[in-house]
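Structure first, commentary second.
Quick note: the coordinates plus some simple rules give every number you see, no bench work behind them. Given the structure is predicted, the values throughout are model-derived calculations rather than measurements. As a convention, Cβ positions derive from the backbone with ideal geometry for all residues, glycine included, and neighbour counts pool all protein chains shown.
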Amino acid sequence: MPLLAGSSSDSAITVQQLPPEPVIFGQTPAMRDVRQKLERVAGANLSVLISGESGTGKDIIARLLHLYSPWANGPFVKVNCPAIPGTLLESELFGYEKGAFTGAYNPKPGRVEMAHRGTLFLDEIAELDAVLQAKLLQLLQDGQFSRIGAQEDKKVEVRVVCATNRELHEEIEHGNFRPDLFYRIATMTIHLPPLRERAVDLPVISDYLLQYYNEKLNGRVMMVRPALMAKMQRYSWPGNIRQLENLIKRYVVMGTEDVILSELLQPNERDAVNSLMLDGPVSLKKLTRQTVRKLEARIILNALHANNWNRKKAARSLDISYRALLYKLKEVGIPQRRSSSASKPEEDDKAE
Ligand SMILES: Nc1ncnc2c1ncn2[C@@H]1O[C@H](COP(=O)(O)OP(=O)(O)OP(=O)(O)O)[C@@H](O)[C@H]1O
Ligand SMILES: [Mg+2]
């Protein structure tokens, strides 16, 4: 049977498939704690909860946990809970017996069984409904579960690792998540910090990704210049490492640092919220000015791009004077020239 989207069963994960450890853990104290915790809990047959914003590397930590565990030679079975529609999730997880429902012509084992003597990784655990929460609790309490339509329970030995980017406490308060299940899965919690709190690690992660994608996509782009890296380190990265990875991929394909600059200038909700918190009382005027300026910078950058960095043509396309454009470039911090290691030399500002 083909694997459902979001589910995977890799019986042989190798370290080679993951970034090297100095890249995964970097230098920040928060990640040092993650590493220590990971090494300590890997060998204990306890369930582990990995929390953290989307794109912070929860998947990678779950795989490492498996690799460091005594069950590393067993299967690593991942289930991406939200990717499988509600009714299918129960049969995908726990399997079914012949005749359990229309169309169940043959019995089918679920992912729980497939993970026997290995790791079962449940991604986005907050998505489980009440029935599945109860079945998971039983599995964690006594290692037993039942296939849909089965008369008897089955027993299985699995290390369960769960991940969430939601506040499970809030889900409990809203009655969406069982507290007893929460205490079971969260005996050990590993929290991954957002990328914006790992500014010192940004160069190492970026270099790794750059090298990786240069190789994979036949690119030849250089490391980003230190001035741009400093900007990247001040950016808030709402999509965390996944956002960085996608950006580097685009940078490798396009070959120009403008791609990065343009992303950093994107106004985003978090920046607005952060500036609200930094500034104390809300200054709507100030916030609006900042947001408009960012938007303006983006529009200018697009116009420069579209006109191959010919500033006279860009000014004309924006219906402003050449001098006004130069002033704005300075004001919003866009370099006067195309900044790139791999792009063509920029054109002069010749009006056709
Ligand atoms: N330290 C790192 N170095 C390089 N790449 C990384 C690192 N951590 C994560 N990644 C990459 O970033 C992307 C996001 O990581 P991952 O899928 O583990 O995040 P996640 O927390 O599970 O996200 P989500 O909550 O959206 O599922 C992946 O492609 C992963 O390979
Ligand atoms: Mg994930």
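Give me the log10 of I(q) over I(0) for segment 7-193 at q = 0.08, 0.17 Å⁻¹, as the Debye formula computes it from C-alpha points; what are the numbers? Listed by q, the Debye log ratios stand at -0.25, -1.11. Using the Cβ of Arg111 as centre and a radius below 9 Å, the other residues enclosed give a net charge of -1, where K and R count +1 and D and E count -1.
Legend: residue pairs Lys78/Lys294; Lys249/Lys313; Lys108/Lys216; Lys78/Lys98; Lys78/Lys216, Cα-Cα distance threshold 31 Å; pairs beyond threshold, Lys78/Lys294; Lys108/Lys216. Between the listed residues Tyr183, Leu128, Phe94, the Cα displaced farthest toward the positive end of the dipole of segment 7-193, a dipole computed from Cβ unit charges relative to the Cα centre, is found at Phe94.
Would you mind classifying segment 152-209 by shape? Square roots of the alpha carbon gyration tensor eigenvalues, ordered a ≥ b ≥ c; an a/c under 1.5 is rounded, otherwise it is prolate if a/b is larger than b/c and oblate if not.
Numbers: a/c = 3.79, a/b = 1.76, b/c = 2.16.
Oblate, because a/c is 1.5 or more while a/b does not exceed b/c.
If you count the DSSP beta bridges with both ends in the chain, what percent of them are antiparallel, to the nearest 5? Bridges in the chain are about 30 percent antiparallel. Per-residue ellipticity at 222 nm, computed for the chain from helices alone with -39500 (n - 2.57) per DSSP H run of at least four residues, works out to -14000 deg cm²/dmol.
Size of segment 196-332 from its Cα atoms: along the principal axes, largest to smallest, the extents are 43, 42, 20 Å. Would you please state the base-10 log of I(q)/I(0) at q = 0.09, 0.10, 0.12, 0.14 1/Å for the chain, with intensities from the Debye formula using one equal scatterer on every alpha carbon? With no solvent term, the Cα-only Debye profile gives -0.64, -0.76, -0.95, -1.13. Whole-Hz Karplus values for segment 247-261 come out as 5, 5, 4, 5, 4, 5, 6, 7, x, 9, 5, 4, 4, 6, 4 Hz, taken residue by residue from phi with 6.51 cos²θ - 1.76 cosθ + 1.60 and θ = phi - 60°; glycine and proline positions read x.
Mind putting a number on the dipole of the chain about its Cα centre? Charges go on the C-beta only, +1 for Lys and Arg and -1 for Asp and Glu, and I need it in Debye to the nearest 20.
Values: 47 positive and 42 negative charges, 281 e Å.
With Lys and Arg at +1 and Asp and Glu at -1, about 1340 debye.
Compute the helix-to-body angle for 202-216: its Cα long axis versus the longest principal axis of the chain, expressed 0 to 90° and rounded to tens. The angle comes out near 80 degrees. Each principal axis of segment 179-257 carries a Cα extent, and these read 52, 27, 17 Å when sorted largest first.
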